[in-house]
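Heads up: the structure comes next, in structure tokens.
The values are calculated or read from the model by the stated rules, or taken from the named source; none is laboratory data. Please read these numbers as outputs of a predicted model, since none were measured by experiment. Counting neighbours? That spans all protein chains shown, and the Cβs are built from the backbone with ideal geometry, glycine included.
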Amino acid sequence: MAGSGHASLRNSENVLLSVRDLVVEFPISRKERVHAVSGVSFDVAEGETLGIVGESGCGKSTVARAIVQLNKITSGVVEYAGTDLAQLEGEDLRRVRPELQMIFQDPISSLNPRRRIRDVITEGLSIWNEGTGSWTQERIDELMNAVGIDPKFGDRRPHQFSGGQCQRIGIARALALDPKVLICDEPVSALDVSVQAQVLNIIEDMKVRYGLTILFISHDLSVVKNVSDRIIVMYLGKICEIGDAETIYGSPRHPYTRALLASIPEPAPTVDPSEGNIIGELPSPIHPPQGCRFNTRCPHATEICFSVEPTVNAVDGNDHFVACHHPVEVGVSLPA
Amino acid sequence: MIASVPEPNAAIDGAVEKKLGWAFWLSVAWIGGLALAAVAAPWLPIKDPDVLGAAPRAGLFSDNLLGTDALGRDVLARTVWGARISLGVGSVGIILGLTVGGTLGIISGYFRGVVDQLISFVFFSLLSFPSLVLALLITATLSRSFWTVAMTLGILGIAPIGRLARATTIQFAEREFVQASRVLGAKNGRIIVRELLPNVLIPMGALTLLGMGISIVAEGSLAFLGLSVEGDAISWGKSIVDGSQVRDLTENAHVALVPIVAMFLTVLALNFAGDRLREYTDVKETAF
Amino acid sequence: MSNAQLSVRDLEVRFPTSRGVVEAVNGVSFDLERGQMLGIVGESGSGKSVTAKTLMNLLPRTAEISGDIHFDGEDVRAIASGHRKHFWGVKMTMVFQDPMTSLNPVKRCGEQISETLRYHLGMSREAALKRSIDLLEQVGIPEPARRVKQYPHELSGGLRQRVVIAMALACEPELLIADEPTTAVDVTVQKRLLDLLDELRRDRGMSMILITHDLGVARGRCDEVAVMYAGRLVERAETEVLFSDARHPYTTALLRTIPRIDQPSHTRLVPIEGRPPELVNPPDQCSFAPRCRHAQADCLEGVPTLTNLDGNREFACRYPANTEAGRTSFFANEAAGQTVTGLTIAQPSEVN
């Protein structure tokens, strides 16, 4: 199976969230389906920040939404604290929801324009009938202060705040229920550069303060590196490479990872800028290529890449996994 | 350290003050005054609308302020009394349409799937059924009481209102704040009531006024077919029909004209007020 | 008058709104030499896009514009309406962020490029179509003869943007303004588009203004970079000078706030506190002062003027970074724990 396999899964007690063979497909007609996520497996240890990076169409947001069951899962297991969320329905699912919260990409769209922001932040507590009593108000004040929104503005509506402030309100809403896992889907990509750092710092602070485990999804390689302990690179619904942040950026082995790192405006020193010149267009997710999904654009592709899907395999011994038949030998393509 | 700057414009102060404007209030005054007069008609110092006493076809500013009709009945009194039925069927009709159509539309737009297909089929059937035939069927089979006419008008409103409610709901149901609410653990009912209703209903509330105008005109049309409220009940539609005989139109145009003007001004006021209200309740989504 | 190809002096753009007059662009001046690439960097609301639209004569009629714009010595704002067709779209063209706004969704790509050629250059239908295929080939679109028959929605985002670039190049412009041309596309596509623009500029001796919010993009591609904040140009310098030795505290703060790929994970970012000011009736002071770590009392008295030093750099700041005055002001604020505007300086941070 291509870009799949369980090699990267850790057999450790503090794994909090474990995704195995996740497949998400969206039917578009009787015959055709969009293969958004095809057999993805990974796990997240408690207190860890896992970054998922990739370009549009790689399935990273679908993975996030599938974990919180906003998307219907075609097959696979999403195991959280010993329970398979994919098997839960109705009230059972609703009861675990507070444990896994999410912050969204568009800070404006993620707040109800007709509600006051204090009500927005209190919503979670109020759903679980904890919305009364002064301690709740204190907790809301504390949360608002924590994310840098003065509680005296609680009566205002979202349109009176900037994008960065709206995103902080969204973070406060997610944290009100004291979740274990926070899923951040492109949380800073709609923000101006000068406020990105504010929000990223808050996410880091909240992680420490509330003991969060974070899944951080972004297309921005620098942002992902800044917040993540461990990183997954995805392409067209498959995992290309998993490893800790320093390894992925310091010695990338998958040709696609290297292409990404070479394409950014100030390329990583570990790759040659010419590696960013990948050819062609992203194939259609309705008819993904046979074999390795990157084979249509990969400079290293050989016959086997068109027939056999690579599995995720350990390389370099330590926590570094690549799904490639011809992983790049680090240093080989470096000048000098 | 987070946001240590004092933010005087942390939230934008003095966000645009929206004003409804004097024309809106004039419209409201007209509708309100008319509604009040209609309710208080029995106690107002106007003549009895059914008494045939006065000279028939008296002109304006005679003994009767706005003249009399072919049977010598006071036109002013008949217009005020007519407002009872016209405004009555108009508002009851639209409330019915809004409640049934709105509810079905929101359910259809939120749950999608089979429910949506079913409800949409009902809407399409209603829309493709000629409205006049439907009105004829209902009023011909049932009695032509106030409630039947109001119900007819209401049923005619269900499909267009429902379709709009469905479209608005779909547009909001995909927004991230609805997903956020689901992730927090909100049940469907709560999501609909807390997150969707305010966004769907408030703009539709303004639509109520527009719909009421349409209903009032529709009552007029029914009256021409002899399908408005039966018996001695007075409505603007029936008054217009009464004043529309050829002789009246050429020599005593005021008999028809007074209720026509009343209807025109009311529908105009409803449209205008509804439109302004829609603009007024439209929320800005960003600060810039 | 300098001998620059494009010369902008004291450009001001105001929009009257219900909340007051929005001063979108406020006293912007710059020159662009022939064949050069100028980057204009700024956040949303900085006035960078409004500046570009002013140059392209694309602002709504409600906009109040003042200042001088000269192109090859010609007063651009005085171009007679009959002559416009031979100026905008021919000598000066623009590429927008979202290719779908520039492309008509119901027309084939070839028709759209042909139309430009026929309208501006009076080409025949056949010649225009042939030239369209050439152009698509030049912007690196595979199978151009097939692509001219396709509709925009049949192309990927990157290809669409190439079609837009081909359209912009149709009349061999002397100046191309690219407004966030790669913001809507992925990094691998971005690299290829920027490479293409670079190549076209060199081959044709074209000048370019690249408007972007991405400092990295500006650094990699531009000869000179201008930084805008709240409608004003606050710093302009040769690219390497700007990135290695910036003077305006906004520029240095911006450079410091971006996460960098060569930093280890969990490096604490240095945010720029607060938010950009409102552009309605801005006070007569340095617009960055409320967020600036260098701010002194006189920063709140009058807008600092753009100082031109030795021709290759200018900036609008009284206490510039990387200078003695800047260091002194910063240390004074750090010792006091806050600046004159109330910005607290919490922990000792590195000098800039």
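When region C:46-74 is examined, which residues are found to be part of a strand (DSSP E or B) and either closer than 27 Å to C:LEU121 by Cβ or not acidic (Asp, Glu) (or both)?
Here is the first cut: in region C:46-74, the ones part of a strand (DSSP E or B) are C:64-71, C:74.
C:ILE65, C:SER66, C:GLY67, C:ILE69, C:HIS70, C:PHE71, C:GLU74 - these are the residues of region C:46-74 that are part of a strand (DSSP E or B) and either closer than 27 Å to C:LEU121 by Cβ or not acidic (Asp, Glu) (or both).
Take C:GLU238 and decide whether it is out of contact with any helix residue (DSSP H, G or I) (no Cβ under 9 Å at 6 or more places or on another chain), at pLDDT 90 or above and more than 13 Å from chain A (Cβ to nearest Cβ).
yes
Quick one: in region A:84-133, of everything that is touching a helix residue (DSSP H, G or I) at 6+ places or on another chain (Cβ under 7 Å) and hydroxyl-bearing (Ser, Thr, Tyr), which residue is farthest from A:GLN165 (Cα to Cα)?
Ranking the qualifying residues of region A:84-133, first place goes to A:THR122.
A:GLU281: among the acidic types (Asp, Glu) and within 12 Å of another protein chain (Cβ to nearest Cβ), yes or no? Lay out the reasoning, then the answer.
Details: among the acidic types (Asp, Glu): yes; within 12 Å of another protein chain (Cβ to nearest Cβ): yes.
Spelling it out, A:GLU281 is indeed among the acidic types (Asp, Glu) and within 12 Å of another protein chain (Cβ to nearest Cβ).
State yes or no: is A:ALA323 among the small types (Gly, Ala, Ser) and either touching a residue at least 60 places away in the same chain (Cβ under 8 Å) or within 14 Å of another protein chain (Cβ to nearest Cβ) (or both)?
yes
Here is a yes/no grid of residues against (1) touching a His at 6+ places or on another chain (Cβ under 7 Å); (2) surrounded by fewer than 24 Cβ atoms within 10 Å (Cβ to Cβ); (3) under 17 Å from A:GLU99 (Cβ atoms); (4) of a type in the set (Lys, Arg):
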position	(1), (2), (3), (4)
A:GLU138	no, yes, no, no
A:GLU142	no, yes, no, no
A:PHE153	no, yes, no, no
A:ARG156	no, yes, no, yes
A:GLY164	no, no, no, no
A:ALA174	no, no, yes, no
A:ILE183	no, no, yes, no
A:PRO187	no, no, no, no
A:ALA190	no, yes, no, no
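Restricting attention to region A:42-98, and to residues there that are basic (Lys, Arg), touching a strand residue (DSSP E or B) at 6+ places or on another chain (Cβ under 9 Å) and part of a helix (DSSP H, G or I), which single residue is nearest to the other protein chains (Cβ to nearest Cβ)?
Initial filter on region A:42-98 (basic (Lys, Arg)): A:60, A:65, A:72, A:94-95, A:97.
From what is left, the residues that are touching a strand residue (DSSP E or B) at 6+ places or on another chain (Cβ under 9 Å) are A:60, A:65, A:72.
If we keep only those that are part of a helix (DSSP H, G or I) as well, we get A:60, A:65.
On the way: A:LYS60: 12, A:ARG65: 8 Å.
Step by step, filter region A:42-98, then rank; the result is A:ARG65.
Among residues belonging to region A:174-232 that are at the interface with chain C (Cβ under 9 Å from one of its Cβ atoms) and among the hydroxyl-bearing types (Ser, Thr, Tyr), point out the one that is nearest to C:GLY47 (Cα to Cα).
That would be A:SER194.
Which one of these does C:ARG77 not meet: (1) in a helix (DSSP H, G or I); (2) in contact with a helix residue (DSSP H, G or I) (Cβ under 7 Å, 6 or more places away or on another chain); (3) surrounded by 13 or more Cβ atoms within 10 Å (Cβ to Cβ)?
Here C:ARG77 meets the rest and fails (2).
Out of the residues in region C:68-113 meeting the condition of being hydroxyl-bearing (Ser, Thr, Tyr) and under 17 Å from C:ARG160 (Cβ atoms), tell me which one is nearest to the chain's Cα centre (by Cα).
If we take residues in region C:68-113 being hydroxyl-bearing (Ser, Thr, Tyr) and under 17 Å from C:ARG160 (Cβ atoms), then C:THR93 is nearest to the chain's Cα centre (by Cα).
Collect the residues in region A:137-148 that are over 26 Å from the mean Cα position of the chain (by Cα) and within 11 Å of another protein chain (Cβ to nearest Cβ), keeping them in residue-number order.
Let us first name the residues in region A:137-148 that are over 26 Å from the mean Cα position of the chain (by Cα), namely A:137-142, A:145.
Once the filter is applied, which keeps residues that are over 26 Å from the mean Cα position of the chain (by Cα) and within 11 Å of another protein chain (Cβ to nearest Cβ), region A:137-148 yields only A:ASN145.
Scan region B:184-199 and tell me whether some residue there is within 24 Å of the chain's Cα centre (by Cα) and over 17 Å from A:LEU111 (Cα atoms).
Checking region B:184-199: not a single residue is within 24 Å of the chain's Cα centre (by Cα) and over 17 Å from A:LEU111 (Cα atoms).
Here are some residues: C:GLU314, C:GLU278, C:GLU273. Which one is part of a strand (DSSP E or B), surrounded by 18 or more Cβ atoms within 10 Å (Cβ to Cβ) and not hydrophobic (A, V, I, L, M, F, W, C)?
Matching residue, one of C:GLU314, C:GLU278, C:GLU273: C:GLU314.
In region A:233-277, how many are more than 30 Å from C:GLY140 (Cα to Cα), within 11 Å of chain C (Cβ to nearest Cβ) and in a strand (DSSP E or B)?
1
Could you grab me the full set of residues in region C:89-126 that are among the hydrophobic types (A, V, I, L, M, F, W, C), touching a residue at least 60 places away in the same chain (Cβ under 8 Å) and crowded, with 19+ Cβ neighbours inside 10 Å?
Answer for region C:89-126, where residues must be among the hydrophobic types (A, V, I, L, M, F, W, C), touching a residue at least 60 places away in the same chain (Cβ under 8 Å) and crowded, with 19+ Cβ neighbours inside 10 Å: C:MET92, C:MET94, C:VAL95, C:PHE96, C:LEU103.
So if I check each of C:ALA218, C:ALA230, which one is touching a residue at least 40 places away in the same chain (Cβ under 8 Å) and within 27 Å of A:GLY54 (Cα to Cα)?
Values: C:ALA230 fails: within 27 Å of A:GLY54 (Cα to Cα).
Only one candidate qualifies: C:ALA218.
Which of the following residues is under 27 Å from B:PHE177 (Cα atoms) and surrounded by fewer than 23 Cβ atoms within 10 Å (Cβ to Cβ): B:ARG112, B:ARG144?
Details: B:ARG144 fails: under 27 Å from B:PHE177 (Cα atoms).
That would be B:ARG112, the only listed residue that is under 27 Å from B:PHE177 (Cα atoms) and surrounded by fewer than 23 Cβ atoms within 10 Å (Cβ to Cβ).
When you look at C:LEU210, is it farther than 30 Å from C:LYS130 by Cβ and buried (at least 22 other Cβ atoms within 10 Å of the Cβ), yes or no?
Details: farther than 30 Å from C:LYS130 by Cβ: yes; buried (at least 22 other Cβ atoms within 10 Å of the Cβ): yes.
Taking the combined requirement at face value, the residue satisfies it.
Inspect region C:226-248 for any residue being under 18 Å from the mean Cα position of the chain (by Cα), of a type in the set (Asp, Glu) and surrounded by 20 or more Cβ atoms within 10 Å (Cβ to Cβ) and give the result as yes or no.
Scanning region C:226-248, I find at least one residue that is under 18 Å from the mean Cα position of the chain (by Cα), of a type in the set (Asp, Glu) and surrounded by 20 or more Cβ atoms within 10 Å (Cβ to Cβ), so the answer is yes.
Restrict the check to region B:100-116 and report whether at least one residue is among the small types (Gly, Ala, Ser), assigned to a loop (DSSP other than H, G, I, E, B) and free of Cβ contacts under 8 Å to residues at least 40 places away in the same chain.
Filtering region B:100-116 for residues among the small types (Gly, Ala, Ser) gives B:101-102, B:105, B:108-109, B:113.
Next cut, assigned to a loop (DSSP other than H, G, I, E, B) only: none.
No.
Among the numbered criteria (1) farther than 24 Å from A:ASP192 by Cβ; (2) of a type in the set (A, V, I, L, M, F, W, C); (3) assigned to a loop (DSSP other than H, G, I, E, B), which single criterion is violated by C:ALA335?
(3)
Of (1) part of a helix (DSSP H, G or I); (2) free of Cβ contacts under 8 Å to residues at least 24 places away in the same chain; (3) small (Gly, Ala, Ser), A:GLY124 satisfies all except one. Which?
The one condition A:GLY124 does not meet is (2).
Which condition breaks for A:GLU309 when tested against (1) within 11 Å of chain C (Cβ to nearest Cβ); (2) in contact (Cβ under 8 Å) with a residue 60 or more places away in the chain?
That leaves (1) as the condition not met.
Has region C:251-270 got any residue that is more than 8 Å from chain A (Cβ to nearest Cβ), modelled with pLDDT of 90 or more and part of a loop (DSSP other than H, G, I, E, B)?
The first filter runs over region C:251-270 and keeps only residues more than 8 Å from chain A (Cβ to nearest Cβ), leaving C:251-252, C:255-256.
Retained after the next criterion (residues that are modelled with pLDDT of 90 or more): C:251-252, C:255-256.
With the extra rule that they be part of a loop (DSSP other than H, G, I, E, B), the set shrinks to none.
Scanning region C:251-270 turns up no residue that is more than 8 Å from chain A (Cβ to nearest Cβ), modelled with pLDDT of 90 or more and part of a loop (DSSP other than H, G, I, E, B).
All but one of (1) touching a Lys or Arg at 6+ places or on another chain (Cβ under 8 Å); (2) within 12 Å of another protein chain (Cβ to nearest Cβ); (3) among the hydrophobic types (A, V, I, L, M, F, W, C); (4) not in a helix (DSSP H, G or I) hold for C:VAL185; state the number of the condition that does not hold.
In the conditions (1) touching a Lys or Arg at 6+ places or on another chain (Cβ under 8 Å); (2) within 12 Å of another protein chain (Cβ to nearest Cβ); (3) among the hydrophobic types (A, V, I, L, M, F, W, C); (4) not in a helix (DSSP H, G or I), C:VAL185 misses (1) alone.
Do the conditions hold for A:SER134, that is, is it within 23 Å of the chain's Cα centre (by Cα), more than 11 Å from chain B (Cβ to nearest Cβ) and modelled with pLDDT under 95?
On the way: within 23 Å of the chain's Cα centre (by Cα): no; more than 11 Å from chain B (Cβ to nearest Cβ): yes; modelled with pLDDT under 95: yes.
No; evaluated as a whole, the condition is false for this residue.
Of A:ILE108, A:ILE121, which residue is under 30 Å from C:SER44 (Cβ atoms), out of contact with any strand residue (DSSP E or B) (no Cβ under 8 Å at 6 or more places or on another chain) and more than 10 Å from chain B (Cβ to nearest Cβ)?
Exactly one residue qualifies, and that residue is A:ILE121.
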